[in-house]
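Here's the structure, in structure tokens; my notes come after.
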Amino acid sequence: SWSRQVGRALDMCSAMILVLSPDGLESENVDDEWNYYLDNKKMIVPLLYRECRVPFRLHKLQFIDFTRQSYDTALSHLVSALHVIQQ
Amino acid sequence: FFVSYARKDQPFVEQLAIDLKRRSIDVWLD
């Protein structure tokens, strides 16, 4: 099933890219996924795609901001952050 | 990397996944 596949992928992946937007914050699935990672002390890289009110639990994480810089600049910041995690 | 996102953001996320794969970063999208 879809939810079993997602659950398996959540456990298999070592870290998460969380795409934040007003729709992302309204999604129950997205909410469950990032809370699952935080509860299991797994790494999250939040990516601010569209302006929204960031949940309190995510405040201490460093964001890659796609709203205030070009796509290419933000992408290169994201790639650097992900390469550090991969090592 | 697991990518968590809302359906409405899918076009952005799909482009992002292509760009990350080009840089040898594997992502999982549902």
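None of the figures in this text is laboratory data; all of them are computed from the coordinates on show. Every value quoted in this text rests on a predicted model; they were computed, and no experiment measured them. We place every Cβ from the backbone using ideal geometry, glycine too, and count neighbours over all the protein chains shown.
Some observations on this one:
- Net charge of neighbours whose Cβ lies under 13 Å from the Cβ of A:ALA74, counting Lys and Arg as +1 and Asp and Glu as -1: -1
- Listing B:ILE18, A:ILE64, A:ILE17 from fewest to most neighbouring C-beta atoms within 10 Å gives B:ILE18, A:ILE64, A:ILE17.
- Here's how it looks for A:VAL45: its modeled amide H is under 5 Å from those of A:MET16, A:ILE17, A:LEU18, which are all 5 or more places away or on a different chain.
- Summing +1 for each Lys or Arg and -1 for each Asp or Glu among the other residues whose beta-carbon sits under 15 angstrom from that of B:TRP28 gives -1.
- Dipole of region A:1-64 [Lys/Arg +1, Asp/Glu -1 at C-beta], most positive-end residue of A:SER3, A:ASN35, A:ALA15: A:ALA15
- Taking amide H as placed 1.01 Å from N in the peptide plane, B:ALA6 has its amide H under 5 Å from the amide H of A:GLY24, each at least 5 places away in sequence or on another chain.
- In Å, descending, principal axis extents of the Cα set of chain A: 38, 32, 24
- Each Lys and Arg contributes +1 and each Asp and Glu -1, all at the Cβ; summed about the Cα centre of chain A, the dipole is approximately 280 debye.
- Ordering A:GLY24, A:CYS52, A:PHE63 by the projection of their Cα atoms onto the charge dipole of the protein assembly as shown, which places +1 on the Cβ of Lys and Arg and -1 on the Cβ of Asp and Glu, puts A:PHE63 at the extreme positive end.
- Computed over chain A, relative contact order equals 25 percent, with contacts defined as Cα pairs under 8 Å that lie 6+ residues apart.
- Centre separation in Å (Cα based) which lies between chain B and region A:1-50: 12
- Surrounding net charge for A:LYS42, when Lys and Arg each add one and Asp and Glu each subtract one, Cβ distance under 12 Å: -2
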